[in-house]
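What follows is a set of notes on a single structure, which appears directly below.
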Amino acid sequence: MNGFLAIYRRELLSLWVTPLAWVLLTVFLLLQGAIFYSIVSHFASMPDVSVDTGPLQAYFGQESIFLLMTLLLVCPALSMRVFAEERRSGTIEALLTTPVTPGSVVLGKYAALLTTYALIWAPTLLYVVILRKTGVVDWGVVGSSYLGLLGIGAAYLSLGTLMSAMTKSQLVALLLTIFLEFGLFILGVGEYIFDPGVFRDLCAHVSMMGQMEDFSKGILDLRRVVFDGTVSSLGLFVTTRVVDSWRWG
Amino acid sequence: MIEVSNLTKDYGTVVAVRELSFSVEKGEIVGFLGPNGAGKSTTLRVLSGFLGATSGRVRIAGHDIAEAPRAARRALGYMPESAPLYPELRVFEYLQFRARLKEVRRDKQRAAIAHAMERAGVAHMASTVIGHLSKGYRQRVALADALVADPPLLILDEPTAGLDPNQIREVRSLIKDLAGERTILLSTHILSEVEATCERAIVIDRGQLVAEGRIEELRGRQKARRLCVRVRDPNGGAEAAISAISGLRLSSFSSEPGAPERRTLHVSLHEELAAEAVIESLVRAFTEAGIGIHALIPEQASLEQVFSALTAHEKAHTGKSEPGSTP
């Protein structure tokens, strides 16, 4: 447990004293600002809006494809260095010769990534504050939307951590992660392509867009949560085994 | 403190360490010697718990590294080769991180870090970013890291690699200062380093043990002892006088420019002959031949010679063993 906290703190510190987190934060907020602005101006030009749709629902739900595209860039870039850098520079040797378990190394690093991910999202709460000036905001829906985003981030970052442990090259880790997560995303798009059947159901089930559409309406579908949790735990479990396997390299 | 028995480590087809056994007692400073690629780093990585052994047993401070890895790692301060550090952190932040990892008690962390920085001579660099430090200072930060939890055993992989002569001297004297209660195992391919800091040496080549013992014992292993003789030899009869004595061999000679009768001869005394008797007969033979002896200097074999003799010998005999390698 000591090891977990020490690694978590070191990882967070390293993320935020180097430019990476700040660059990602800036790029992310510029993109989100542009998306949010166009959604809000679209709604502002509409004379009448039904109860179910509003800028927030559109941003987190129907138009979530934009938001997910930015996540497909930000998450792999955030996780690419987490193990690859330590192995390239050799600091992993100093790290693994202390009395820490591979589990706390992986969890500590992952928790720091997830915290950074949450911190990158935090400024977007201002959008809600801005909307509140001109209308009513359903805080339950806001909460479930962010929960959905956290679930997607948890899954993406877990896969990214695994890919980073697979290679010493940050670039290879980045490309592998993008490939994997883009594949997962495209699988979700299958919902709109395939004829009704098992395969379409499967696509609908793993769809990130589907998840955001549900969560942005305030529907907390437990199956979605279980899916995110499964992907995250599986990724972290395999990462732990990979870290363990370095002893036999 | 360290017990290694029949340690073997292979990387797939390449055997880096083969059936290696040795032990290090409490309080010793032991040099772990070998040419590059002999398997030194691999062995130390196994001892530190970074790599798993293919077969064989390693006990650190009484804990088997396979059965009680965390207890074994708690007992040792390990400094990896080339001292890898996080360049973005400050020295103090890095040592704080390391102290936490090594389970230094929270209320003792500050004192432990201050003490380690003091010992390693980086106290005045506490708030410098590691990336801005010179190689010598980074090496010292890594040393401070090895010391921070005050472990009874230090394993240092090439602690002076890449340092300038002044820094090497400083690191060596630091290592000597650390001796006493602490046990130190340090690897190097520089022999003078072992002669300067260690009491005992373990020599490996191609992953196998070739010699082990106190530095003086190892020096004594050189069978051919050497003698340097400066003479005034007007008749040039020195060669004949030497070859007349059994067990003596003239290995080289030179004359002073402008004074050909003043000569310097290097003689090797062979095998198990008593050196005193041979020297006496040499002096007698020279006096009888009318050669004036100016100086008679026994040359002790340097560890350098012992080392090259040992490793060359080994190569001749294990022609079919695979070369060791470091990943």
Next on the checklist: Could you give each residue of segment A:196-209 its phi-based ³J(HN,Hα) in whole Hz, using Karplus coefficients 6.51, -1.76, 1.60 with θ = phi - 60°, and x for Gly or Pro?
Outcome noted: x, x, 4, 5, 5, 4, 4, 4, 4, 5, 8, 5, 5, 5
Next on the checklist: For the pair B:Arg169/A:Leu175, report the inter-label distance in nm, with labels modelled 7 Å from Cα in the Cβ direction.
Outcome noted: 5.1 nm
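Given R₀ = 60 Å, what would the calculated FRET efficiency be for B:His132 paired with A:Leu147, taking r from the Cβ atoms and rounding to 0.05? Mind dumping the intermediate values first?
Working: r = 43 Å, r/R0 = 0.71.
Rounded to the nearest 0.05, the efficiency is 0.90.
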Checklist entry - Spin-label point model (7 Å from Cα, Cβ direction): what's the B:Ser268 to A:Met46 distance in nm? => result 9.6 nm
Checklist entry - Where the centroid of each part is defined by its Cα atoms, how far is segment B:1-65 from segment B:92-167 in Å? => result 24 Å
Checklist outcome for this item: For segment B:225-299, the convex hull over Cα atoms projects on average to an area in nm² of 4.4 nm²
Checklist outcome for this item: Once the in-chain neighbours fewer than 8 apart are removed, the aspartates and glutamates whose Cα is under 17 Å from B:Lys108 read B:Glu93, B:Glu118, B:Asp145, B:Asp150
Next on the checklist: At 10 °C and a viscosity of 1.306 mPa s, what translational diffusion coefficient does Stokes-Einstein give for chain B, taking Rh as the Kirkwood radius over Cα pairs? Give it in µm²/s as a whole number.
Outcome noted: 71 µm²/s
Checklist entry - Of all DSSP beta bridges located in the protein assembly as shown, what percent are antiparallel, nearest 5? => result 70 percent
Item to check | Gain upon complete extension [B:Arg232, B:Ser281; 0.36 nm per residue less C-alpha separation] | outcome: 15.9 nm
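Listing B:Ser134, B:Ser41 from the residue with the fewest other Cβ atoms within 10 Å to the one with the most, what is the order? Walk me through the intermediate numbers first.
Working: B:Ser134 12, B:Ser41 26.
Going from sparsest to densest Cβ surroundings: B:Ser134, B:Ser41.
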Item to check | Distance (nanometres) between label positions extended 7 Å along Cα→Cβ at B:Arg249 and A:Thr18 | outcome: 5.9 nm
Next on the checklist: Using the crude model of +1 on Lys and Arg Cβ and -1 on Asp and Glu Cβ, and no other charge, please compute the dipole size for chain A relative to its Cα centre, in debye to 20.
Outcome noted: 860 debye
Checklist entry - Dipole magnitude of segment A:149-240 about its Cα centre, charges +1 at Lys/Arg Cβ and -1 at Asp/Glu Cβ only, in debye to the nearest 20? => result 280 debye
Checklist entry - For B:Leu174, what charge total do you get from the other residues with a beta carbon under 9 Å from its beta carbon, if Lys and Arg give +1 and Asp and Glu give -1? => result +2
Item to check | Sites A:Ile219 and B:Ala71 - FRET efficiency at Förster radius 51 Å, r taken between beta-carbons, to 0.05 | outcome: 0.50
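Take peptide B:92-103, look around each residue's Cβ out to 10 angstrom, count Cβ atoms belonging to other protein chains, and average those counts.
Details: counts 0, 5, 3, 0, 3, 9, 5, 1, 9, 15, 7, 6.
Partner-chain Cβ atoms within 10 Å, mean over residues of B:92-103: 5.
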Checklist entry - Looking only at other chains, what is the average number of their beta-carbon atoms within 10 angstrom of each beta-carbon in B:82-88? => result 6
Checklist entry - Dipole of the protein assembly as shown (Lys/Arg Cβ +1, Asp/Glu Cβ -1, origin at the Cα centre): which of B:Ser251, A:Cys203, A:Leu149 lies farthest to the positive side? => result B:Ser251
Checklist entry - Quick one: if the Förster radius is 35 Å, what FRET efficiency do A:Ile186 and B:Tyr11 give, using the C-beta to C-beta distance and rounding to 0.05? => result 0.35
Next on the checklist: Quick check: the angle from helix A:64-79's long axis to the longest principal axis of chain A, C-alpha only, nearest 10 degrees?
Outcome noted: 10 degrees
Item to check | Nearest-20 debye value, segment B:2-220 charge dipole, Cβ charges on Lys, Arg, Asp, Glu | outcome: 640 debye
Checklist outcome for this item: Averaged over residues of A:4-16, the number of beta carbons from other chains lying within 10 Å of each residue's Cβ is 3
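For chain B, what does -39500 (n - 2.57) per DSSP helix run (n ≥ 4), summed and divided by total residues, give at 222 nm, in deg cm²/dmol to the nearest 500?
On the way: 11 runs with 113 residues, N = 327.
Helix-only estimate at 222 nm: -10000 deg cm²/dmol.
All of the numbers you see were taken from the coordinates with simple rules; none came from a lab. Fair warning: this is a prediction, and the values are worked out from it, not measured in the lab. All Cβ positions, glycine included, derive from the backbone under ideal geometry; neighbour counts span all protein chains shown.
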